[in-house]
Each structure stands twice: as structure tokens, then as C-alpha cells.
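One structure below.
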Amino acid sequence: MHDTPAPLDPRAQRAVVDLLARVESGDQLSAEDVRSLLGPVEEGVVVRAQRAAAGFGRLRRRDGELSALIASTRDLVEVRDVQALLRKLVDRAHDLVSTDVTYLSVYDESTDELFVRASRGTVSPRFQGLRVPAGMGIASRVVRTRSPQWTADYGAEHDLDRDPEIDAAVGEERLRSLLGVPMAANGEVLGVLFAADRSTRSFASDEIALLSAFADHAAVILHTARLFSAVTDAADRAEDAQSRAERHLEAMNASARVHERLTALVLSGHGPREVAATLAESLGRPVAIADRELRPVAATAEGGGRWWTRGRLSAPAVRAAERSRASGHCAPVGAEGLDVVAAAIAGSELLGLLLVGVGPAPLTDVERRTIERSGQIVALLTMQREALTDAEERVRGELALDLVSGSADMDALERRAAARGIVLDQPWSGVVVPVPDRARHPLLRALSAASRRWLVAAQGEGVAVLVPGGDPGEAARQVRRSRGAREEGPMLAVASRVSGPAGIGAALAEAWECAGLLPALGVSDGAHEADEYAPYLAMFGTDGARALAFVDRMIGPVVDWDREHRTELAATIAAYADGGGSVSRAARALYVHPNTVKQRLERVTALLGPDWRSPDPMFRVGVAARLHRLRTAGNRHVNAAPVV
């Protein structure tokens, strides 16, 4: 049997109740507090009462901290924006631990660096965005150990790998004691949460545990927010990709419709003008089309004219055309209001050029593809038209060949010519153009396209052209001007008057003989009439070397004197002969005083002898002087007709 304890008297009961009330309040109890409540008691009772009060106080504080932690977690779960969440995490941690400064550094695993992304209580602008290099400071130690790290006095901590930038930022904030805890979720370190004071202090285990618990909760929330942000971004990207795909599909459909319209235009017989207008309407930009010679053939009202100067395409556009021809794609220009050009090619042959001006917005890939496909349409249109032209040229060329050869029946030739709208019984001029074999076909095409009234055929060493009209000189000049805009270098055109359709062969033969003589005399360019050189042909034929030997034999000393003394004795002889032996006429032709002519003629007499002015020697010397004038003038005066 147990002894029944003696009941406490009312006063003792009140003392116990008061003691329990103080313990439940969580207040700290001193020994005097215990004895004032219970009266004289043993020291063991005092110690136990103090321990009970301290333990109960810790429990009450822990309960409050946990309640605050749970409330903070519930509040943070609703935040989805990562940066906003970082700021709220720092604010909640600041309220929980009640330190001077709280901040959060985000960890970049790829570089092993940390970056301060949110802070509370800082005053230095250097602190926000601070970079912590790999292996430096307390933050790197936290990441490496994945455990809390702290220091009571950062400045006195010698066991740290330091970075000058970090030390400067900590110094500006005057931070002394720092506590850092890891933020980790699913085995991945997301960052480090710091609590810091501007005075030295040691962090209690309860504070470390509380900040660590908050960091663990915060890490899970941050990880979830990142995943949610990634999912949201992926959804936005998917929606944007779908939108882009829909726009691309619509653009492709529009491009296909444009291509169908352009193809229908070509098949229905429309030309470059309609193609340019259709493409300009689709793109909302000015459009122009050039032929294989880069000459304009069609353009919309808004542009085109400014891209050519006197029939020549601008240099930037020509360079872009070469790039487009080489690549098969649009080539940018970016000058003179011209955006891009697209070469119309078949194989490696340039058939034309499509030029597109600047618009309100940059060209899309689909629009560039539309332009390139339109370039193919231009190539198709060019090939179609050239096929018709080639057929017509072939018929006209056969007619021209038969006329030139003189082997066909004239009645049949007249009927064939009439079927093509050509009247043979009219004045004609025959023009011959000597060219190398490689240039013959381009010249044939250019001259055939120059006029439907001309008859063009390959003959001899070049091309022969029959031009309606009785002015051989003008016919030669027309032919020379029509050789093609891109042709450069010298070109000799020699014309002869045709005496009826039956005399075509003889007239062309005379022109070819003259064309054979002129280069030997130093004339390789210009438009000329065969009749004006007939005396030389009669004397020397086509043997230019013989003609030049005649010059050297007749007036060689005069030529040598002119060369050595820079005089004009040979020119004076020619002017004197042209003037019928009149000194005054020669002076007017040479723009000098008659006495000057007399002095020069005296020098000629000293060089050639006194008989050179006799009728027969004068004729031969005059011919030699005129030939020398042709030789020395060369291409500088190729269009000046000689006087015989």
C-alpha cells in the first residue's frame, strides 16, 4: 500500500498555480522568482522550475516560428513569377530571422558561379547583381558542402577564398556576421539564402535550423515555380510557333496563287508588263523587268526609271545581278530604292532580270521565294518569245541568204518577201560588218531584233544586212548603233548602194572588199561608204600592204620629216591636192596663213624634188597623202569620208 500524500494547504496550492502560470508564459525565471513564489525550497526545486520555464519558452517560440514558416510557405506557393518569388522569399526570411540584411544568391551550375538576385536591408547598389566566382566566399562553401556555413566576423575570417569584388560589396554594407544555408531540391542546389548583421554575433542552432527549414521549403517552391515558368514558356513558344506556321502557310498559299496567275498570264500570251504589274500588286512594291542585255522592258508606275541612266542599269544592280545569276537566288542591292534583284536564267544563261524596289517592311522568306519563282516565269516568257523570234528570224534569214547568194529564182524570192511584208522592188543599202565567229550569233540576234524591215544573214567574215533606203552612209550608222547595248570595242560597218534586187550580190561584194582594205589602212571602227574608197580599191584592191608601200614610196621622206620635226607636211599635201592645187584653199582647210602653206610646200619640194607638182606626180603624191591621212587618223576620224 502506498502512503497517501498530505494535501497542500491553500497557500501552497496558490504558490504552485502561480509558478505554473509563469512557466506557461514562457518567461525566464530567476532563482529569486522561484523562491518568491514557493518560499524557501531546495536548490534542486529551483533548478527544475527554471529548466521547465526555459523549455516551455523554447517550445512556444518554436511553435510561433513554425506557424510563421507554414504561413509564409502557403503565401509563396501562389507566386508564379520567378523574380517576384525571389523577392518574396527574401522578405519572408528577413521577417523570420530578424537580421539587418537578408539576400539570396542563385547558383549557375554550368559555370559554378552565384549571382545575387534579391536582397532586403542593403544600401549599396554594388550588392544587387553581385557575381560570386567559382570557389569564392561563404556562398561557394555552402554549395560545395551543401550545409549551413557561418562566420561571426567576416573581416576576421582567414580561412576563406576571397574575391576583391565580394569584399568591396560586403565592406560597403559594413556586414560582419553572415549565415548562409543551401537551397536544394531534387538533389540540385538552386542557390544560397543569407542572413547577415552589421555587428559580430554567433548564430544559435535554433536560428540556423529555422533558416535552413525555410530554405528547404523555399527551394521546393522555387523549383516548382521554375518548372511552371518553363511549362508556360514552352506553351507560349508552341502557340507562337503555331501562329508562325499558320502565317507561313497563308503566305505560301498566297505565293502559289501569284505563281498560278503569272503562269496563266504567260500561257495566255501576255507579256512582261502584265507580269510586272501582277507581282507588284502581290508584294506592294515597285517592280521592273530587264532583258538579257539588262535593258528595261517593263516597269510599274512607282519605279523602274530611276534604276537606269541613259539606258544603262545602275552599277550596284549589275553587281547584284551577277551574284543572283551565280547563286540562283535573290541578291540584295540596297541602293537607289532597289531592294533585291533575281536573275532569270536557263542553265547558266542569263535571259533577263527581275528588279524589286524597297517596301514598307523587309521581305519575308516566302516573298523572296515568290520573287525567285517569278524570275523563272520571266525566263519562261523570254524563252517563249525568243522561240517565236527565232522562227521568224530563221524564215527571214533564209530569205536574206537567198537574196545575198543570188542563186534563187527572183520571182519566188519576191513572193516569199511579200508574205513577210517586205517589198524587194525599192531602194536598198547593203551593209557588211566583219566580226569574229564568237561574236557573230549575238550580232545576228541584235540586228534581227533591231528592225523587222531589215534582212540579216551571216556572210563572209561576219554579217550582212540589207537596209531599206538609198542612203548607204545612214544605213551603216544605223547598223552600228544597233549592235547591242552591252557590246563594247570597235566595230566596222561598210555600206554600198544596191542597184535593184538583182544587184545585191555585187553591192555586198564591193562592201566586203572595202571592209578588207580599211583595217590595213588603220581604220577598224566606224561607219563608211564603199563608194568613197572605190579609187583605192581600183588601184590596190584589198591589198592594204601594197597601198601602204605605195605611200612610203611616194612620200616617205615627207612622212619621216613630219615624225622627226612634228610638222604637218603630209597633211598640207593632202589639203593642197583636195583644193585642186590652190594655196588659198589649202590654207582655209588647214586654218593657217597662205604664206605658211607656201613655206611647207617649199619644204616638200626640197624633200621630193621639183617635179612633184607636175600633173601625173601630183596625182600619185595626192593619193599617197590621202592614204597616209587615213592611216594616221585611224579610229580618231573614222567617220570622215576621204576626198578624192
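Tally time: how many residues in the range 193-210 are aliphatic (A, V, I, L, M) and at pLDDT below 80? First the steps, then the outcome.
Going through the range 193-210, the residues aliphatic (A, V, I, L, M) turn out to be 193, 195-196, 204, 208-210.
If we keep only those that are at pLDDT below 80 as well, we get 210.
Number satisfying all stated conditions: 1.
Within the group E398, E372, E386, E322, which residue is more than 30 Å from R453 (Cα to Cα) and modelled with pLDDT under 80? Walk me through how you get there before you give the answer.
Numbers: E398 fails: more than 30 Å from R453 (Cα to Cα); E386 fails: more than 30 Å from R453 (Cα to Cα); E322 fails: modelled with pLDDT under 80.
Testing whether each residue is more than 30 Å from R453 (Cα to Cα) and modelled with pLDDT under 80 leaves just E372.
Would you say T596 is without any contact (Cβ under 8 Å) to a residue 12 or more places away in the chain and either of a type in the set (K, R) or outside the structural domain of S429 (by TED's automatic domain parsing) (or both)?
Numbers: without any contact (Cβ under 8 Å) to a residue 12 or more places away in the chain: yes; either of a type in the set (K, R) or outside the structural domain of S429 (by TED's automatic domain parsing) (or both): yes.
So T596 passes the test.
Just the residues that are without any contact (Cβ under 8 Å) to a residue 40 or more places away in the chain and exposed (fewer than 15 other Cβ atoms within 10 Å of the Cβ), please, taken from the range 319-331.
If the condition is that a residue be without any contact (Cβ under 8 Å) to a residue 40 or more places away in the chain and exposed (fewer than 15 other Cβ atoms within 10 Å of the Cβ), then R319, E322, A326, S327 are the ones that fit.
Would you confirm whether any residue within the range 207-225 is aromatic (F, W, Y), over 16 Å from M136 (Cβ atoms), part of a strand (DSSP E or B) and touching a Leu at 6+ places or on another chain (Cβ under 8 Å)? Explain how you work it out, then say what you get.
At the first step, the residues of the range 207-225 found to be aromatic (F, W, Y) are 214.
Of the ones still in play, those that are also over 16 Å from M136 (Cβ atoms) are 214.
Filter once more, so that each one left must be part of a strand (DSSP E or B): none.
Checked the range 207-225: no residue is aromatic (F, W, Y), over 16 Å from M136 (Cβ atoms), part of a strand (DSSP E or B) and touching a Leu at 6+ places or on another chain (Cβ under 8 Å).
Could you check R440 against (1) under 25 Å from E293 (Cβ atoms); (2) buried (at least 19 other Cβ atoms within 10 Å of the Cβ) and say which number it fails?
So the condition that R440 fails would be (2).
List pairs: first residue in the range 306-317 and in the same structural domain as D291 (by TED's automatic domain parsing) and outside any strand (DSSP E or B), second residue surrounded by 14 or more Cβ atoms within 10 Å (Cβ to Cβ) and aromatic (F, W, Y) anywhere in the structure, Cβ distance under 8 angstrom, at least six positions apart or on different chains.
S314/W307; S314/W308; A317/W307
Spot the failing condition for V189; the list is (1) within 19 Å of Q83 (Cα to Cα); (2) surrounded by fewer than 17 Cβ atoms within 10 Å (Cβ to Cβ); (3) aliphatic (A, V, I, L, M), and only one is missed.
The single condition V189 does not satisfy is (2).
Inside the range 105-134, can you point out the residues that are of a type outside the set (K, R), out of contact with any Lys or Arg (no Cβ under 6 Å at 6 or more places or on another chain), surrounded by 13 or more Cβ atoms within 10 Å (Cβ to Cβ) and under 23 Å from R176 (Cβ atoms)?
Result: S105, L114, V116, S119, G121, T122, S124, F127, Q128, L130, V132, P133.
Looking at the range 503-526, I want the residues that are over 25 Å from F550 (Cα atoms) and among the small types (G, A, S) and have a partner that is modelled with pLDDT of 80 or more and surrounded by fewer than 23 Cβ atoms within 10 Å (Cβ to Cβ) with Cβ atoms under 7 Å, at least 6 apart or on another chain. Which pairs are those?
So the pair list comes out as A507/R497.
Within the range 454-464, which residues are closer than 17 Å to R497 by Cα and either assigned to a loop (DSSP other than H, G, I, E, B) or in contact (Cβ under 8 Å) with a residue 60 or more places away in the chain (or both)? Talk me through it step by step, then tell me what you get.
Of the range 454-464, the ones closer than 17 Å to R497 by Cα are 454-456, 463-464.
Scanning the range 454-464 gives W454, V456, A464.
What are the residues in the range 278-292 that are over 17 Å from A344 (Cβ atoms) and touching a residue at least 12 places away in the same chain (Cβ under 8 Å), if any? Break it down stepwise before answering.
Quick first cut of the range 278-292, residues over 17 Å from A344 (Cβ atoms) only: 281-282, 284-286.
Across the range 278-292, the qualifying residues are S282, G284, R285, P286.
Can you tell me which residue within the range 455-476, out of those that are farther than 22 Å from P436 by Cβ and not aliphatic (A, V, I, L, M), is surrounded by the fewest Cβ atoms within 10 Å (Cβ to Cβ)?
G470
Quick check, is T567 at pLDDT 80 or above, part of a loop (DSSP other than H, G, I, E, B) and either closer than 17 Å to P535 by Cα or outside the structural domain of P490 (by TED's automatic domain parsing) (or both)?
Working: at pLDDT 80 or above: yes; part of a loop (DSSP other than H, G, I, E, B): yes; either closer than 17 Å to P535 by Cα or outside the structural domain of P490 (by TED's automatic domain parsing) (or both): yes.
Against the criterion (at pLDDT 80 or above, part of a loop (DSSP other than H, G, I, E, B) and either closer than 17 Å to P535 by Cα or outside the structural domain of P490 (by TED's automatic domain parsing) (or both)), T567 qualifies.
The values are calculated or read from the model by the stated rules, or taken from the named source; none is laboratory data. From a predicted model like this one, the values you see are computed outputs, not experimental measurements. Cβ sites come from the backbone with ideal geometry, for glycine too, and all protein chains shown count toward neighbours.
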